[in-house]
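So the structure is just underneath, and the comments pick up after that.
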Amino acid sequence: MKKARINYLVDAFLALMGVASGITGIILLLMGHGGGYRGGRNPGFVRTFLGMERGLWSDLHTWVSIALMVGVVIHIALHWNWIVCTTRAMLRSLRRPSLEEACPAS
């Protein structure tokens, strides 16, 4: 598989997981916190949303966020040579004024 295709798939995965993590986080935020003190009522607390319990939303948010972090690690690994080369070029900017000349695009 070509490197460009792998990069595209990893980036698409990161975008999908980022959006899913954001949506589940917003849903959890809107559902409120806590069920009330000693069984009391909290009018801002919602137990279910779209037929899913709060605990399931929380688990989904956690696992999607873990997948996002794994994707970021893979993304960094795929671009590691570019990261090292660009960092070196930036640190040596007095001798090499142009980053494009120092590192090939990845």
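A short reminder: the numbers here are calculations on the coordinates, not readings from a lab. Quick caveat: nothing in here was measured; it's all calculated off a predicted structure. Heads up, the Cβs are rebuilt from the backbone with ideal geometry, glycines too, and the neighbour counts pull from every protein chain shown.
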- In nm, what is the difference between 0.36 nm times the number of residues separating E53 and W82 and their Cα-Cα distance? 6.1 nm
- Item | At R0 = 25 Å, FRET efficiency that the Cβ-Cβ distance of I74 and L30 yields, to 0.05 | 0.20
- Item | Per-pair calculated FRET efficiency, R0 = 25 Å: A4 and A67 via Cβ, rounded to 0.05 | 0.65
